[in-house]
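The values are calculated or read from the model by the stated rules, or taken from the named source; none is laboratory data. These figures come from a predicted structure and were not determined experimentally. Here Cβ is always computed from backbone atoms with ideal geometry, including for glycine, and neighbour counts include all displayed protein chains. Surface areas here come from the heavy atoms of the whole protein model, side chains and all, with no ligands, DNA or RNA. Shrake-Rupley method; radii C 1.70, N 1.55, O 1.52, S 1.80 Å.
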Amino acid sequence: MQKFRFHSLGLPHTVSSPEYSACAYTQKIVKFGRMMLPRGHEIIHYGHPDSDLPSTEHVSVTDDAVLQKAYGSHDWRRHQFKHHTGDYANRTFVERCIPEIQKRVKPGDFVLCWWGIGHEKIARAAEAQGAIAVEPGIGYTSGHFSRWRAYESHAVRTAVEGCRSPQPWYSWVIPNYFDPDEFEYREAKSDYFLYLGRITELKGVSVAVEATKHAGVKLKLAGQGSLLDLGYTQIPDHCEELGYADVDTRRELMAGARGLIIASTYLEPFGGVQVEALLSGTPVIAPFYGAFAEVLEHHRTGFLCHTLREYVDAVKQVNLVSSKNCRLAGERYSLTAVAPQFERWFSAIQEVYTGQGWNAV
(Lines give C-alpha, C1' and ligand atoms only; values in the text may rest on other atoms or scores of the structure.)
Protein backbone atom coordinates (compact mmCIF):
# COMPACT_ATOMS: atom_id res chain seq x y z
CA MET A 1 0.00 0.00 0.00
CA GLN A 2 1.31 3.43 -0.95
CA LYS A 3 2.07 5.74 1.98
CA PHE A 4 1.13 9.40 1.92
CA ARG A 5 2.26 12.50 3.80
CA PHE A 6 -0.59 14.79 4.87
CA HIS A 7 -0.70 18.34 6.21
CA SER A 8 -4.09 18.53 7.95
CA LEU A 9 -5.31 22.08 8.52
CA GLY A 10 -7.53 22.63 11.55
CA LEU A 11 -10.46 25.02 11.67
CA PRO A 12 -9.55 28.50 12.93
CA HIS A 13 -12.61 28.83 15.19
CA THR A 14 -12.52 25.42 16.90
CA VAL A 15 -10.13 22.96 18.53
CA SER A 16 -9.49 19.66 16.75
CA SER A 17 -10.87 17.56 19.58
CA PRO A 18 -13.76 15.15 20.20
CA GLU A 19 -15.10 17.78 22.61
CA TYR A 20 -16.21 19.87 19.62
CA SER A 21 -18.69 17.21 18.53
CA ALA A 22 -21.17 19.86 17.33
CA CYS A 23 -18.87 20.73 14.41
CA ALA A 24 -18.93 18.04 11.74
CA TYR A 25 -15.86 19.45 9.97
CA THR A 26 -13.81 19.44 13.16
CA GLN A 27 -14.77 15.83 13.74
CA LYS A 28 -13.74 14.90 10.20
CA ILE A 29 -10.26 16.22 11.00
CA VAL A 30 -10.10 14.25 14.26
CA LYS A 31 -11.42 11.05 12.71
CA PHE A 32 -9.15 11.33 9.67
CA GLY A 33 -6.14 11.10 11.96
CA ARG A 34 -7.67 8.14 13.76
CA MET A 35 -8.42 6.48 10.41
CA MET A 36 -5.20 7.03 8.48
CA LEU A 37 -2.33 7.15 10.98
CA PRO A 38 -2.63 3.43 11.93
CA ARG A 39 -2.41 2.60 8.21
CA GLY A 40 1.13 3.98 8.08
CA HIS A 41 0.46 7.45 6.67
CA GLU A 42 2.14 10.55 8.08
CA ILE A 43 -0.09 13.36 9.38
CA ILE A 44 1.08 16.82 10.41
CA HIS A 45 -1.74 18.74 12.06
CA TYR A 46 -1.93 22.54 12.32
CA GLY A 47 -4.25 24.07 14.90
CA HIS A 48 -4.86 24.80 18.58
CA PRO A 49 -2.43 23.46 21.25
CA ASP A 50 -5.34 21.71 23.02
CA SER A 51 -6.04 19.60 19.92
CA ASP A 52 -6.63 15.95 20.72
CA LEU A 53 -6.20 13.69 17.71
CA PRO A 54 -3.75 11.13 16.37
CA SER A 55 -0.96 12.77 14.36
CA THR A 56 2.72 12.43 13.57
CA GLU A 57 3.32 16.04 14.57
CA HIS A 58 1.16 18.86 15.91
CA VAL A 59 1.94 22.48 15.06
CA SER A 60 0.23 25.22 17.10
CA VAL A 61 -0.87 28.19 14.98
CA THR A 62 -3.66 29.56 17.19
CA ASP A 63 -4.53 29.61 20.90
CA ASP A 64 -7.11 30.68 23.49
CA ALA A 65 -5.99 34.31 23.32
CA VAL A 66 -6.78 34.41 19.60
CA LEU A 67 -10.21 32.84 20.09
CA GLN A 68 -10.97 35.22 22.97
CA LYS A 69 -10.04 38.27 20.89
CA ALA A 70 -12.08 37.03 17.93
CA TYR A 71 -15.20 35.77 19.70
CA GLY A 72 -15.11 37.12 23.25
CA SER A 73 -17.23 35.21 25.73
CA HIS A 74 -19.42 33.62 23.06
CA ASP A 75 -20.69 30.26 24.36
CA TRP A 76 -20.61 27.87 21.42
CA ARG A 77 -22.21 25.10 23.48
CA ARG A 78 -25.32 27.22 24.02
CA HIS A 79 -25.34 29.00 20.67
CA GLN A 80 -24.09 28.15 17.21
CA PHE A 81 -20.45 28.73 16.31
CA LYS A 82 -19.33 32.21 15.31
CA HIS A 83 -16.91 32.36 12.40
CA HIS A 84 -16.05 34.19 9.21
CA THR A 85 -13.12 33.69 6.87
CA GLY A 86 -12.22 37.36 7.35
CA ASP A 87 -12.37 37.49 11.14
CA TYR A 88 -9.37 37.81 13.46
CA ALA A 89 -9.17 34.09 14.28
CA ASN A 90 -9.14 33.11 10.60
CA ARG A 91 -6.64 35.82 9.58
CA THR A 92 -4.29 34.90 12.41
CA PHE A 93 -4.54 31.18 11.65
CA VAL A 94 -3.57 31.79 8.03
CA GLU A 95 -0.72 34.20 8.85
CA ARG A 96 0.83 31.82 11.37
CA CYS A 97 0.22 28.65 9.39
CA ILE A 98 1.88 29.69 6.12
CA PRO A 99 5.47 29.93 7.45
CA GLU A 100 5.01 26.75 9.50
CA ILE A 101 3.80 24.67 6.58
CA GLN A 102 6.51 26.12 4.34
CA LYS A 103 9.11 24.77 6.80
CA ARG A 104 7.71 21.26 6.56
CA VAL A 105 6.09 20.69 3.18
CA LYS A 106 7.76 18.48 0.57
CA PRO A 107 6.91 17.97 -3.11
CA GLY A 108 4.09 15.46 -3.45
CA ASP A 109 2.70 16.06 0.06
CA PHE A 110 -1.06 16.47 0.36
CA VAL A 111 -2.51 19.56 2.06
CA LEU A 112 -5.95 18.78 3.47
CA CYS A 113 -8.12 21.88 3.23
CA TRP A 114 -11.14 21.06 5.39
CA TRP A 115 -12.25 24.71 5.51
CA GLY A 116 -12.50 25.23 1.74
CA ILE A 117 -11.65 28.74 0.61
CA GLY A 118 -10.74 29.63 4.19
CA HIS A 119 -7.60 27.52 3.71
CA GLU A 120 -6.81 28.66 0.17
CA LYS A 121 -3.95 31.05 0.97
CA ILE A 122 -2.21 28.36 3.00
CA ALA A 123 -2.75 25.86 0.19
CA ARG A 124 -1.32 28.18 -2.47
CA ALA A 125 1.81 28.77 -0.39
CA ALA A 126 2.30 25.01 -0.05
CA GLU A 127 1.57 24.38 -3.73
CA ALA A 128 4.38 26.79 -4.62
CA GLN A 129 6.71 24.26 -2.99
CA GLY A 130 5.29 21.28 -4.86
CA ALA A 131 2.48 20.18 -2.54
CA ILE A 132 -0.96 19.04 -3.71
CA ALA A 133 -3.87 20.90 -2.10
CA VAL A 134 -7.16 19.00 -1.90
CA GLU A 135 -10.60 19.55 -0.39
CA PRO A 136 -11.24 16.13 1.17
CA GLY A 137 -14.67 16.50 2.76
CA ILE A 138 -16.92 18.88 0.86
CA GLY A 139 -20.32 19.37 2.43
CA TYR A 140 -20.61 23.02 1.46
CA THR A 141 -22.16 24.40 -1.73
CA SER A 142 -19.88 27.43 -2.12
CA GLY A 143 -16.33 28.43 -1.25
CA HIS A 144 -14.50 25.76 -3.27
CA PHE A 145 -11.12 26.41 -4.86
CA SER A 146 -9.22 23.15 -5.40
CA ARG A 147 -9.13 21.09 -8.57
CA TRP A 148 -9.11 17.98 -6.35
CA ARG A 149 -12.39 17.50 -4.49
CA ALA A 150 -14.00 14.73 -2.47
CA TYR A 151 -17.69 15.33 -1.82
CA GLU A 152 -19.57 13.74 1.08
CA SER A 153 -22.44 12.54 -1.11
CA HIS A 154 -23.67 12.41 -4.68
CA ALA A 155 -26.35 14.88 -3.63
CA VAL A 156 -23.89 17.66 -2.76
CA ARG A 157 -21.62 16.83 -5.69
CA THR A 158 -24.52 17.23 -8.11
CA ALA A 159 -25.65 20.43 -6.39
CA VAL A 160 -22.18 21.96 -6.85
CA GLU A 161 -21.05 20.52 -10.18
CA GLY A 162 -24.51 20.68 -11.76
CA CYS A 163 -24.94 19.68 -15.39
CA ARG A 164 -21.59 21.00 -16.60
CA SER A 165 -19.85 19.05 -19.32
CA PRO A 166 -17.38 17.54 -19.14
CA GLN A 167 -17.74 16.52 -15.53
CA PRO A 168 -14.49 16.69 -13.50
CA TRP A 169 -13.03 13.19 -13.27
CA TYR A 170 -11.31 13.86 -9.95
CA SER A 171 -14.33 15.20 -8.07
CA TRP A 172 -15.06 11.95 -6.25
CA VAL A 173 -17.72 11.02 -3.74
CA ILE A 174 -16.28 9.67 -0.49
CA PRO A 175 -18.71 9.56 2.44
CA ASN A 176 -18.16 10.79 5.96
CA TYR A 177 -16.62 8.20 8.25
CA PHE A 178 -17.17 7.07 11.85
CA ASP A 179 -15.63 4.94 14.57
CA PRO A 180 -18.19 2.25 15.53
CA ASP A 181 -16.45 1.86 18.89
CA GLU A 182 -17.62 5.36 19.83
CA PHE A 183 -21.24 4.24 19.82
CA GLU A 184 -23.12 1.72 21.90
CA TYR A 185 -25.23 -0.74 19.94
CA ARG A 186 -28.43 -1.42 21.83
CA GLU A 187 -31.60 -3.28 20.83
CA ALA A 188 -33.61 -2.59 23.99
CA LYS A 189 -34.78 1.01 23.61
CA SER A 190 -36.23 3.58 26.01
CA ASP A 191 -39.50 5.46 25.65
CA TYR A 192 -38.30 8.57 23.77
CA PHE A 193 -37.46 9.80 20.29
CA LEU A 194 -34.40 11.97 19.71
CA TYR A 195 -33.59 15.19 17.90
CA LEU A 196 -29.83 15.80 18.06
CA GLY A 197 -28.19 18.77 16.39
CA ARG A 198 -28.52 22.52 16.12
CA ILE A 199 -31.99 23.48 17.28
CA THR A 200 -32.98 25.33 14.15
CA GLU A 201 -35.63 25.17 11.47
CA LEU A 202 -32.87 24.39 8.98
CA LYS A 203 -32.67 20.98 10.63
CA GLY A 204 -36.45 20.65 10.78
CA VAL A 205 -36.84 20.80 14.54
CA SER A 206 -40.51 21.85 14.31
CA VAL A 207 -41.24 18.78 12.20
CA ALA A 208 -39.79 16.60 14.95
CA VAL A 209 -41.84 18.45 17.58
CA GLU A 210 -45.10 18.21 15.62
CA ALA A 211 -44.65 14.58 14.50
CA THR A 212 -44.00 13.34 18.04
CA LYS A 213 -46.85 15.47 19.40
CA HIS A 214 -49.36 13.93 16.98
CA ALA A 215 -47.98 10.44 17.64
CA GLY A 216 -48.26 10.94 21.40
CA VAL A 217 -44.62 10.16 22.23
CA LYS A 218 -41.81 11.86 24.11
CA LEU A 219 -39.10 13.86 22.29
CA LYS A 220 -35.67 14.69 23.71
CA LEU A 221 -33.83 17.57 22.05
CA ALA A 222 -30.05 17.93 22.42
CA GLY A 223 -27.88 20.55 20.77
CA GLN A 224 -26.99 24.21 20.44
CA GLY A 225 -29.95 26.55 20.83
CA SER A 226 -33.48 26.27 22.17
CA LEU A 227 -37.05 26.19 20.93
CA LEU A 228 -37.49 29.44 22.85
CA ASP A 229 -35.03 31.05 20.43
CA LEU A 230 -37.34 30.09 17.56
CA GLY A 231 -40.45 31.81 18.87
CA TYR A 232 -41.91 29.05 21.03
CA THR A 233 -43.46 30.66 24.12
CA GLN A 234 -42.74 27.53 26.15
CA ILE A 235 -41.22 24.08 25.74
CA PRO A 236 -44.05 21.70 24.70
CA ASP A 237 -45.08 19.26 27.42
CA HIS A 238 -43.92 16.21 25.48
CA CYS A 239 -40.48 17.71 24.84
CA GLU A 240 -37.35 17.86 26.99
CA GLU A 241 -34.41 20.11 26.14
CA LEU A 242 -31.05 18.79 27.29
CA GLY A 243 -28.67 21.41 25.90
CA TYR A 244 -25.34 20.57 24.33
CA ALA A 245 -24.57 16.84 24.39
CA ASP A 246 -20.95 15.87 25.06
CA VAL A 247 -19.46 12.63 23.74
CA ASP A 248 -20.75 10.42 26.56
CA THR A 249 -24.21 12.01 26.63
CA ARG A 250 -24.46 11.72 22.86
CA ARG A 251 -23.61 8.02 22.99
CA GLU A 252 -26.24 7.30 25.66
CA LEU A 253 -28.96 9.31 23.94
CA MET A 254 -28.32 7.61 20.59
CA ALA A 255 -28.35 4.12 22.07
CA GLY A 256 -31.55 4.60 24.07
CA ALA A 257 -33.71 6.38 21.49
CA ARG A 258 -36.54 4.52 19.74
CA GLY A 259 -35.78 6.63 16.69
CA LEU A 260 -33.85 9.68 15.52
CA ILE A 261 -35.73 12.43 13.69
CA ILE A 262 -33.76 14.76 11.43
CA ALA A 263 -35.97 16.65 8.99
CA SER A 264 -33.50 19.04 7.35
CA THR A 265 -35.26 21.62 5.19
CA TYR A 266 -32.24 22.03 2.91
CA LEU A 267 -30.41 19.52 0.75
CA GLU A 268 -28.42 17.75 3.46
CA PRO A 269 -24.89 17.07 2.18
CA PHE A 270 -24.47 14.13 4.54
CA GLY A 271 -26.12 14.43 7.93
CA GLY A 272 -23.61 12.50 10.00
CA VAL A 273 -26.02 12.14 12.89
CA GLN A 274 -27.97 9.58 10.83
CA VAL A 275 -24.98 7.24 10.67
CA GLU A 276 -24.28 7.74 14.37
CA ALA A 277 -27.85 6.64 15.06
CA LEU A 278 -27.57 3.61 12.76
CA LEU A 279 -24.38 2.51 14.52
CA SER A 280 -26.37 2.68 17.77
CA GLY A 281 -29.03 0.38 16.31
CA THR A 282 -31.48 3.29 16.15
CA PRO A 283 -33.77 3.85 13.11
CA VAL A 284 -33.73 7.24 11.38
CA ILE A 285 -36.73 9.28 10.24
CA ALA A 286 -35.73 11.85 7.62
CA PRO A 287 -36.73 13.59 4.36
CA PHE A 288 -36.65 11.78 1.04
CA TYR A 289 -34.00 14.09 -0.46
CA GLY A 290 -30.30 14.86 -0.07
CA ALA A 291 -27.86 12.39 1.41
CA PHE A 292 -30.67 10.67 3.34
CA ALA A 293 -31.77 9.02 0.11
CA GLU A 294 -28.26 7.58 -0.30
CA VAL A 295 -27.76 6.35 3.26
CA LEU A 296 -31.19 5.14 4.42
CA GLU A 297 -33.24 2.22 3.14
CA HIS A 298 -36.95 2.94 3.48
CA HIS A 299 -38.62 0.58 5.97
CA ARG A 300 -35.31 -1.28 6.49
CA THR A 301 -33.11 1.21 8.35
CA GLY A 302 -35.59 4.05 8.74
CA PHE A 303 -38.18 6.08 6.88
CA LEU A 304 -37.94 8.65 4.09
CA CYS A 305 -40.84 11.06 4.43
CA HIS A 306 -42.66 13.60 2.24
CA THR A 307 -45.43 14.97 4.49
CA LEU A 308 -46.16 15.47 8.18
CA ARG A 309 -48.56 12.52 8.03
CA GLU A 310 -45.70 10.31 6.83
CA TYR A 311 -43.49 11.54 9.69
CA VAL A 312 -46.24 10.71 12.19
CA ASP A 313 -46.77 7.28 10.63
CA ALA A 314 -43.02 6.65 10.72
CA VAL A 315 -42.91 7.43 14.45
CA LYS A 316 -45.74 4.96 15.03
CA GLN A 317 -44.14 2.23 12.88
CA VAL A 318 -40.51 2.59 13.97
CA ASN A 319 -40.60 -0.68 15.93
CA LEU A 320 -40.86 -2.51 12.60
CA VAL A 321 -37.25 -1.57 11.81
CA SER A 322 -34.54 -4.01 12.88
CA SER A 323 -31.74 -2.62 15.05
CA LYS A 324 -29.40 -5.18 13.50
CA ASN A 325 -30.12 -3.86 10.01
CA CYS A 326 -29.38 -0.35 11.26
CA ARG A 327 -26.02 -1.36 12.71
CA LEU A 328 -24.98 -3.20 9.55
CA ALA A 329 -25.90 -0.19 7.43
CA GLY A 330 -23.93 2.14 9.69
CA GLU A 331 -20.82 -0.03 9.44
CA ARG A 332 -20.57 0.81 5.73
CA TYR A 333 -19.26 4.18 6.95
CA SER A 334 -16.70 2.86 9.44
CA LEU A 335 -13.10 4.08 9.43
CA THR A 336 -11.91 0.75 8.02
CA ALA A 337 -14.52 0.81 5.25
CA VAL A 338 -13.86 4.38 4.09
CA ALA A 339 -10.05 4.54 4.42
CA PRO A 340 -9.39 2.54 1.21
CA GLN A 341 -11.67 4.89 -0.72
CA PHE A 342 -9.49 7.83 0.30
CA GLU A 343 -6.29 5.96 -0.50
CA ARG A 344 -7.59 5.16 -3.98
CA TRP A 345 -8.45 8.84 -4.54
CA PHE A 346 -5.06 10.09 -3.32
CA SER A 347 -3.31 7.53 -5.53
CA ALA A 348 -5.29 8.64 -8.57
CA ILE A 349 -4.42 12.30 -7.94
CA GLN A 350 -0.74 11.59 -7.39
CA GLU A 351 -0.65 9.63 -10.65
CA VAL A 352 -1.44 12.91 -12.44
CA TYR A 353 1.84 14.34 -11.13
CA THR A 354 4.04 11.24 -11.33
CA GLY A 355 2.60 9.14 -14.14
CA GLN A 356 0.09 9.23 -16.97
CA GLY A 357 -2.83 10.35 -14.84
CA TRP A 358 -6.29 9.59 -16.19
CA ASN A 359 -4.80 7.90 -19.27
CA ALA A 360 -2.82 5.34 -17.27
CA VAL A 361 -3.87 1.77 -18.09
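A quick yes/no check of all residues on (1) under 27 Å from Phe32 (Cα atoms); (2) crowded, with 21+ Cβ neighbours inside 10 Å; (3) more than 21 Å from the chain's Cα centre (by Cα):
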site	(1), (2), (3)
Arg251	yes, no, no
Ala286	yes, yes, no
Ala291	yes, yes, no
Gly302	no, yes, no
Glu343	yes, no, no
Ile349	yes, no, yes
Gln356	no, no, yes
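Among residues of the stretch 97-112 that are within 25 Å of Tyr151 (Cα to Cα), those with a beta-carbon under 8 Å from a residue that is open to solvent by 20 Å² or more (accessible area, probe 1.4 Å) and among the aromatic types (Phe, Trp, Tyr) at least six positions away or on a different chain give the pairs Gly108/Tyr353. Number of residues in the stretch 171-202 that are more than 24 Å from Phe81 (Cβ to Cβ) and either touching a Leu at 6+ places or on another chain (Cβ under 8 Å) or open to solvent by 30 Å² or more (accessible area, probe 1.4 Å) (or both) equals 14. Per the listing Ile98, Ile117, the residue uniquely aliphatic (A, V, I, L, M), closer than 18 Å to Glu57 by Cβ, at pLDDT 95 or above and out of contact with any strand residue (DSSP E or B) (no Cβ under 6 Å at 6 or more places or on another chain) is Ile98.
Considering (1) touching an Asp or Glu at 6+ places or on another chain (Cβ under 8 Å); (2) of a type outside the set (D, E, K, R); (3) more than 18 Å from Ala159 (Cβ to Cβ), the lone condition that His299 does not fulfil carries the number (1). Arg258 meets all of the listed conditions (1) open to solvent by less than 20 Å² (accessible area, probe 1.4 Å); (2) more than 18 Å from the chain's Cα centre (by Cα); (3) within 23 Å of His306 (Cβ to Cβ) but one, namely (1). Pro269 passes every criterion in (1) of a type outside the set (Lys, Arg); (2) over 15 Å from Val318 (Cα atoms); (3) touching an Asp or Glu at 6+ places or on another chain (Cβ under 8 Å); (4) surrounded by fewer than 24 Cβ atoms within 10 Å (Cβ to Cβ) apart from (4).
If you filter the stretch 44-92 down to residues that are charged (D, E, K, R) and at pLDDT 95 or above, you find that the one that is farthest from the chain's Cα centre (by Cα) is Lys69. Scoring Lys213 on the criteria (1) open to solvent by less than 50 Å² (accessible area, probe 1.4 Å); (2) within 19 Å of Cys305 (Cβ to Cβ); (3) in a helix (DSSP H, G or I) leaves a single failure, condition (1).
The stretch 230-342 holds strands (runs of 3 or more DSSP E) entirely within its bounds, and those carrying 2 or more residues that are in contact (Cβ under 8 Å) with a residue 60 or more places away in the chain map to 284-287.
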